[in-house]
Each structure stands twice: as C-alpha cells, then as structure tokens.
Amino acid sequence: MSQDIDQRKASQVATGVAESVQYQGRKTLREGSEQRRQAILDAALRIIVRDGVRAVRHRAVATEAAVPLSATTYYFKDLNDLITDTFALFVERSAAHMSAFWAGVEAQFQQLLAGLTDDDESRRQMIEQCVEVAIAYVRTQLSDNRDNLRAEQAFRLEALLNPGLVALAVAQRKILLQGVTRFFRVLGSAQPDEDAQMFTGIILQLEYQGLLNGLDNLNVDEMRALLRRYLRLVMGL
C-alpha cells in the first residue's frame, strides 16, 4: 500500500486497503457462524445509517438482525468492538467499491490522456471532461450509494471520539485519495499529493452538500464552476 502509485493502479491500491482490514471481535471458523456474525454487522450498519452510532446497542442490533441477544455478546464482548468491526466492514466494502470504480474508469482515463497535448485548448478540453466525470461520480454516489455516504459521515465523526477508529479512517480516506493522486501525477502537477488532497476535499464537500440538500436540489452549475476553477489553477490556465 506504500508503493508508488505510478507503479500500481488505483484499483489495486483499493484492493490492498480491503485486504488490510483487521477485525476486533471473536473470530469464526464455521461458515454458518461467519454468516451470523456478518448479519450482526450488517444490522449494526443499518442502524448507524438510520439512527446514528449512539443507537447501536446489543439488544437493538440483535432485534435488527433477527438473532438472539446472546449472539451479539458472543461475537462482540462490548459495544466498542461491535462498532469498530461495523466500520471495518464499511471500509472493506468501500475499498471493494472503489477498486471496481477505478478499474472501470481506467480506460476512460487513458483515453483522456492520449488526447492531451501541450496547447492550452487541449488542456481546457481535458479539464472539461474531467469536471463532467467528477460531477457524474458525485451524482452516482448520491443516487446509488446514499446510505454509504451517510455511514461515512457517521464514521468520520465517531473516529474523532474513538482513537481505535483512526487507522480505519485513514485507510478509508486513502481509497479515494490514491486514485486522484495518480491522476494529478499523470497531468504533470508539481505537487500531486497536495493537489489530490484538495481535490478530494472538494468532492467530499460536494457529497456532503448533496446529502443535506438532496439529489434533486444539486446546483450542478455551481459544482461545475468550482471544479473547473480548481483544475484550471492546477494546470496554470
């Protein structure tokens, strides 16, 4: 995961994040036991999305998962383990999702770069295409992955209160950041890591505003102007 991203596709980095996730609760050896443990974590995640982290209680999760109360306390000795493993599951799935995303846009990304030349007009056209890709990504996140975005917001807040979640939060942020860093490196940015962090911050803010205002109330023109301005600054246009 620490290798230069010019030597590894962003999809491989995301896969590496998924494979690095470590769980805290009781390990399972039988398939049936793992399915029950997974059902408990899925139930906890649904509660977090619907009611927030503070609503996660052993009894509430057992009811949501349709399992005996003793099952939740068997796999997770306390709420901290349950919440930590729920977010570990979230990060693992986010990594798998982003691995598929980066693999899917790789061909499109290479096609955009193939048409890039040193003249300003070519670079402006490249920026416009990148802006539309970013907007489409945000819209898809809000329409198809809204629950995941809500879970992500809850996860970030909980990581501020629970030091045990910090490593997971850092790994989750890398999932998006690594691919964007690679993008800026290929563009020839003098500071690709910094540019990627700022651009990723813009995307996360757009997602947050979309959660607040709703998909139907997205100000796409404002989004387009913001993204265009930043990318033009990066490319010196």
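We did not get these values from a lab; they are worked out from the coordinates using the rules stated. A quick note: this is a predicted structure, and the numbers were derived from the prediction, not measured. Cβ coordinates were reconstructed from backbone atoms using ideal geometry, including for glycine residues, and neighbour counts include every protein chain displayed.
Computed extension gain for Gln110 through Asn80, at 0.36 nm per residue and net of the alpha carbon distance, reaches 6.4 nm.
Descending by average beta-carbon neighbour count within 10 Å, the peptides 208-220, 137-149, 81-93, 180-192 line up as 81-93, 180-192, 137-149, 208-220, the highest first.
For region 70-77, the Karplus equation 6.51 cos²θ - 1.76 cosθ + 1.60, evaluated at θ = phi - 60°, returns couplings of 4, 5, 5, 6, 6, 7, 9, 5 Hz by residue, with Gly and Pro reported as x.
Projected over all directions and averaged, the alpha-carbon convex hull of region 57-149 occupies 8.2 nm².
Subtracting the Cα-Cα distance of Leu211 and Leu160 from their residue separation scaled by 0.36 nm leaves 16.3 nm. Per residue, the convex hull spanned by the alpha carbons of region 188-237 comes to 60 Å³.
When the P(r) is computed for region 128-237, the part past 17 Å accounts for 57% of the Cα-Cα pairs. Quick one: go through region 166-186 and flag any residue whose amide nitrogen is under 12 Å from the point 7 Å out along the Cα-to-Cβ line of Val133. Hits in region 166-186 for Val133 at 12 Å: 179-186. Estimated at 0.36 nm per residue, the fully extended path between Arg54 and Arg93 surpasses their Cα-Cα distance by 11.8 nm.
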